[in-house]
Each structure stands twice: as structure tokens, then as C-alpha cells.
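In what follows, a structure is listed as C-alpha cells, so that the remarks can point back to it.
The values are calculated or read from the model by the stated rules, or taken from the named source; none is laboratory data. Computed from a prediction, not measured in an experiment: that's the story for all the values here. Areas reflect the complete protein model, heavy atoms only, side chains present, ligands, DNA and RNA absent. Shrake-Rupley method; radii C 1.70, N 1.55, O 1.52, S 1.80 Å.
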Amino acid sequence: MRAAASFARSLQAPDARSPVLESVAALRVELFGSLAATGVGHGTLRAVLLGLGCADPASVLPEFVAERAADIDASGVLLLGGSHAVPFASNEIVLKPLTTLPRHPNALRFTAFDAARAVLAEETYYSVGGGFVVHEGDALGSDESLGGEGSRGPSADERGTEGDVAATAAGTAGGGEGRVAPRVEPEHPFAFDTSARLVELCDENGWAFSDVMLANEKLPAEEVRRGLLRIRDVMNECVESSIHRAGVLPGGLDVRRRAPAWFRQLSEAGPERGKEFWQEWVGLIALAVNEENASGGRVVTAPTNGAAGIIPAVLYYATHFADRSAPGTPTRGATSAADDGGTAHHDPGDRGDTAIAPTSAITGTASAPPSAITGTASAPPSAITGTAIAPPSAITGTAIAPPSAITGTAIAPTSAITGTAIAPPSAITDSPDDIAVRFLLTAGAIGTLYKNNASISGAEVGCQGEVGSACSMAAGALAEILGATPAQVENAAEIAMEHNLGLTCDPIGGLVQIPCIERNAMGATKAITAAKMAMLGDGMHHVSLDEVITTMRLTGLDMQSKYKETALGGLATSTRISVNLTEC
């Protein structure tokens, strides 16, 4: 959607390279490769229509997307840029699934013509995973936003389909020939481009992963805290919506929505949500998020829409079921296994087992979420300001590290100018807000490594880049919440990805339903297991996270394209399930 909106805006910008908007008499839109193969099932066509009308994915209502797209198709007229009428409909979008452009398997091209069919403007964009979009003229390693003012990085995606080019910011997800090296910003005092360097920074300063992200933050602390908590809230709102929506998912597979029934059963079996039901509740959260995704609802790209259920599910475990006094939990002042006797890493503090959660039927309180009242999900400030924040987070497109999110005290990022080290928080509470902030910071740090050094695009490396990355991010984040040393956090993330290597992306009918929905539930459970395994060790292990990230990238390069989000292999072709794609 943002790629289409970017093209529409380029036609009316004062410094546009092409003629003004009013000169456009016709349009051509082409989708290539994986984006074309699964575009119908992923809702890409509707997203393109809305984007050309300059709809904002951070605030547009999911129901408006379907309604407006239907109106455009019925009338055959689209308001380009939101104001200029041009004849166009979704059936005019050209799908070229067997044509792959050199830079990335997910590509789309927009062409504008005048009344004499002369080309006025032509632009190509690449959807590189996680909602990140790169313009043809940008390097894959750039972080230049395509979404205009207030569009840096989506936290709340406007629809739930992973291939809809819904979010912004130029990505760094390439994995093949021509990749640029991850960009390290010199003005960021604690920049890192490998997990080894990240652990070193933690050991040198006595910090955790989340502290490193915190120390690189440039935005006001309270603003960033609100942004992260808004991400958490949108996750909760997504689950809340899903558990109240029964029926069959769209697309023609006739997949029943199971979240409402699961929620009722679990609520009756264990109204107190005892720990004996942790796995069932975690599975429900993941299932609910991905059913919402499959039906075009609002989700958080974490790091992609197809893998959007894992981080919310494991975060739910962290706030409801995590036992921070379990065997293997480090005591205050424990050091990383990589530490040879230097500074002890920052300890999160003593934690209890109280299950406290934020809003809704899922989280246990009656207060209605903001978007349930207003209908608009505003993207978190730090994710959309366009301000350079480093290092970029795979969840939001920016690195968000709010100093006050943990202690409530604003810590000015003076070291970016003076070179003075920024002290990390000295006290961390067990409140659900603080847990959510630290969890998302840590997940973002790990996701950054995947996005920069491999790929989070299923079209490029298969589902190992989506569910595998999300599983790894969640495992490391949970380990930190459990009190892990930096080396244990790195180990947890490595374990999770190691056992997702080679995972293919083979959605039946090109729909993000089978096996995607259940795969998220399995990925969440695997992440929790990985975190617990790492907590029982001392952080020493044979395969590093950097090595497994490299292996994932190379495995993706070796993987046949039919297993990379094309619906041309695997389950997509070996089952006898019929799909009526006209229902999409």
C-alpha cells in the first residue's frame, strides 16, 4: 500500500521528476515473482488500489479497505492521489509470477500514461519482508522511508496479509548477490552489526540487550515508551478482535476460525489461567493473531505479517506464566559466559510470578483498547516520525529503546555527541508495561541482525526467514525477561533459529492460512522451549547466532523458488484441497 501511495505522491510533489497528477489519464500496475504468485491470496491487489488513493496503512480501517476496493472495482474509477479520477480496477493489475526482477522476488512496477498513452512516469519497488519497501533507486541497505511524513516503519499494519506491501521504510533484507553490508551509523555510540558485537557491548558496560538498544535511542524517552506500548496494545487489540469473530476465513479454503471456540474452552477449563494451561493459552494467542491476519485485520509486523503471532504469544507468556525464580535463572550480578571476569551484566532485578496483563478479555481487564473506541490504530510515534533511530528494529522499522520505559527516568543520549557512556537503568520493575518494553527492545535487537545480515522475506529465504526469525527474536526476548545473561540470550535466539533452518514457505492457494496459522502456534512454543534450554546452560555453545544467521541466508539461496512463497511446491501442490480464489 505504501509503495503505491509513494508513487501517487511522486506525481504531485512540487519537485516531482514526472508531470503533475492531473496529466495522468491511465495506469498500469505489474506484480512480479512471488508477489504476483500469492498476490490475490495475500490481499495485495486491494492494498494497491487503496495505496494509489493515498490511504495511510497506519490508520485505515480494515473494513474500509475491503469496502473501498469493492467500490473501485464496481465503478472502474480510482481517485489517484485521493483526488484525480483515473479509470482503473484490480482486474487490470498484471500478474507475472514467472518473471522475477534481479533485486528481489517481490517486485511491483507502476506506470502512468497521459491521454496519448505516452509514459509520464514509471517506478519500481521491492517488498523485502516485514513491511519494508525499497525503491528501485535505493540501495538495499538504506533505511529511507517511502511512506512520507509520519510513516517510518509500520508498527500496526493496516491489513493482515503479509504480501500487501503495506508498510514502509527501505529495508535491508536482501540475501543474494549485490547485497550491501549492514550500515553502521557512526553517530550511534553503541552500534552493532553482529550478535558477537552486541554481547561484547553488554559485557563491556554491564548491560542487557535491551539496554544497548536503549542507549542508542535519540527520541524523547516518554515518546518512545508510548510507541512501544502502543505496539503492545495493537497486538492485544488484534487478539481481542479475533476471539470474537467466528465463521470461515475468506479465500476459498473454507478454513474455520478456531480462536473463539478455543477461548471459550480455555476460559471454562481454567478461568484462573493456571500455569498448567500455559501452552494452550500461548497457542491461542498465536492462532488468534494469524486468523486476524488471514482475514485482513490489523496486525503488527513482528517481523512479518505471516509470522505476526509468535511475538505476541510469547510476550503473553512472559507477562502471565513466566517463572522468574525457576532453575537456571541467574542471580543478581551474574555475568555472561563470554565475560572473563570483567563487569557484571545488568540484572533485571527480583521478579515475582504475578500474572498481570493489560487490556481486554485476553489480558484480564475490562478497559477497552483505544482503537476499539476510535476505530483508528495510530502508529507509535517512534515508528513513524521519520527521525533516524539506530539500529533499525525488524518489528517497527526503527530501533526503539526508551530509557524511561524501564525506570521512568529520561536518559539523554548525550554520548552520541560527547562520547560519554549512557548509564543503563538501575532498577526494573515487574509491571506488564516494563516487561513489554524490554521484551520488544530485545526482540528488535535480534530482528535487526536477521534483517541486516540475512532476510526476513519468505519470498527470498522461505519461512525460515519469517517464522524462524520471529521464533528466534521471541526466544531471546523471553530469555532476557527471565533474567538471562547476554550470552544466554544469544544462545536462546540461536537455538530457536537452528531448529527452523530449511523451513519452506508453501501456503496452500497462496493464502496465509495453511500451514501458516498453526505454524505460528508451534513457533511460539518452540521459542519458549529455546529460552528455557538456554536458561539451564551458562551461555557457552558451539554454534553462534551469527553463524546460524549466515546459514539461514545460504540455505535460502539454495532453496528452490517453488518453496519460497510462490504456492508452487510443498503443501501448496501436494494436497487435494481445492481453492476458489474468486472468493478472495
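Annotations
- The residues of the range 458-511 present an accessible area of 11 Å² per residue when probed at 1.4 Å with all protein chains retained.
- In the context of the full protein assembly, E136 retains an accessible surface of approximately 80 Å², using a probe radius of 1.4 Å and ignoring ligands and nucleic acids.
- Taking all C-alpha pairs of the range 432-529, those more than 23 Å from each other amount to 23 percent.
- Of H104, H244, H84, the residue with the largest accessible area leads and the full order is H244, H84, H104 (1.4 Å probe).
- Reciprocal of mean inverse Cα separation for the range 1-145 (Kirkwood radius, Å): 15.3
- These residues, K96, K564, go from largest to smallest accessible area, 1.4 Å probe, as K96, K564.
- Cα shape, the range 495-570, gyration tensor, a/c 1.5 rule: oblate
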